[in-house]
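For reference, the structure is listed below as structure tokens.
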Amino acid sequence: MGTKLKVASWVALGAVAGALTTLQFQATARSASTPLPLEEMQQLAAVFDLVKRSYVETVDEKKLIRDAISGMVSGLDPHSQYFDGQSFKEFREGISGKFTGVGIQIEMEDGLVKVVSPIEGSPAFRAGLVSGDLITRIDETVVKGLSMDQAIKRMRGPSGTKVSLTIFRKSENRTFPVSIIREEIKTKSVRSKVMEPGYAWVRINQFQEPTLRDFSEQMKEIFRQEPNLKGLVLDLRNDPGGLLDCAVGISAAFLPKDAVVVSTNGQIPESKSLLKATPAFYSRDGFDPLGGMPALIKSVPIVVLVNEGSASASEIVAGALKDHKRAVIMGSQTFGKGSVQSEMTRLPLPNTSLKITTARYYTPSGQSIQAKGIVPDVLVDETAQGNLFSALRVREADLDHHLTASGEADKGEKKDEAREKAREEALKKMEEANAAKGTDKALPRLPEYGTAEDFPLAQALNQLKGRPVMVSKTQTERKVEEPRSN
């Protein structure tokens, strides 16, 4: 074939993605010792012909082929994917940390879109949307019944176009329309603040292209306010991952120079690597975004907060700081995505891309966290009442076709009975809580991260101050699953 395919590696959960660097490998023609499976290829052609001639309606041949490619790739594992058209555009937006839309962070509540917070300076911010606003309509579409992804797609669109939102504001008990002109939104993946004299909190929502620069700027501001910082909480809860070079850079900020951050291993030579805490592995264009950081950052005591939603790049950071004994890891066992995907571009069709799993990654001690995750040094619940609904959260080990730590893909024939029972109990508790809304039996909502009501953050600050920590009485380590036979 003689064509060079560009490959960019990242570690992320779902479609959140990023690039470490550009790798190159020469695609070679299949050798005679590995011929194509002709019978299966003939079967594929026969099925294609039957569908084309016999389906109840005329089918788009190109769509059939795209769907066949998508099915082939998605059947490998939960993180391999074929992108084309709109999915390719959204994939690129996830890498860059910017998108075109109205500029709000949202969650679903009672089937409606709830504004968690407008992004400062965005069209939604200027239009006066506030935290707690409920979006009931997007243009003429009723939100009730839409998924979050469907609602997001309807609010996004070309820059300069208008979208009309119908807002219900609980605090004023009124409904009103808002017209917003979409524009390019640059998201902030890092937030921070000094919690009290001597102690600070920095949160990374996602590892994106601007993350290292934003992290450096905010850490410098923290040290400007607190030059003798006594302790830092690095919050990676519900961070789904992203750019691998950012994970290496964040780890390097706290580790000695040349300390091993992560290693990777796979079938192709380019997937075998050892990444260290040095600018060569995280800087771009020769610029070190961590340059000028105060020396104290290498020794200030750190607590890293994680939970079941901390995945991939988040787990790399937590694993590196844990193995080097540079931080105390607190919270819940992490998601357990220990694989690296590579993007292969320059496919024959424009605006298409192939993302496939090419390696597993390993913590500095050589441990794979695939389908297991990082086990915290101190297990802490999300509230003082316990981990209310953690059993409902999906982890890598729950996904069909997930890779095991040892090699093969999990086929998902066998279910963990204890986990299924915990999930049923959590579902029952959630139904009871929904029925009890407005009564004293209703379960409290989880507070916003970084607030005075944030229970895990309070325990992390206690750990830094040498005070008693309210550890979990119910959480136990979830063991690595063995490969299952067919």
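The values are calculated or read from the model by the stated rules, or taken from the named source; none is laboratory data. Here the structure is a predicted model, which means the values were calculated and not measured. FYI the Cβ positions are ideal-geometry reconstructions off the backbone, even for glycines, and counts take in every protein chain you see. Heavy atoms of the whole protein, side chains included, go into the accessibility calculation; ligands, DNA and RNA do not. Shrake-Rupley method; radii C 1.70, N 1.55, O 1.52, S 1.80 Å.
A few comments on the model shown:
- Residue match in the range 82-91 (condition: surrounded by fewer than 18 Cβ atoms within 10 Å (Cβ to Cβ) and modelled with pLDDT of 85 or more): no
- Enumeration of residues in the range 290-325 that are in contact with a Pro (Cβ under 9 Å, 6 or more places away or on another chain), more than 11 Å from L255 (Cα to Cα), open to solvent by 10 Å² or more (accessible area, probe 1.4 Å) and not in a helix (DSSP H, G or I): L290, G291, P294, N307, G309
- Condition met for T166 (in contact (Cβ under 8 Å) with a residue 12 or more places away in the chain, out of contact with any Leu (no Cβ under 8 Å at 6 or more places or on another chain) and not in a helix (DSSP H, G or I)): yes
- Residue within the range 179-191 that is surrounded by 15 or more Cβ atoms within 10 Å (Cβ to Cβ), without any contact (Cβ under 8 Å) to a residue 60 or more places away in the chain, under 21 Å from the mean Cα position of the chain (by Cα) and not in a helix (DSSP H, G or I) present: yes
- Among residues of the range 134-193, those that are out of contact with any helix residue (DSSP H, G or I) (no Cβ under 9 Å at 6 or more places or on another chain), under 30 Å from I222 (Cβ atoms) and β-branched (V, I, T), counted: 1
- Number of positions in the range 236-282 that are open to solvent by 60 Å² or more (accessible area, probe 1.4 Å), assigned to a loop (DSSP other than H, G, I, E, B) and more than 30 Å from E448 (Cβ to Cβ): 5
- Search result, residues across the range 147-163 that are part of a helix (DSSP H, G or I) and of a type in the set (V, I, T): I152
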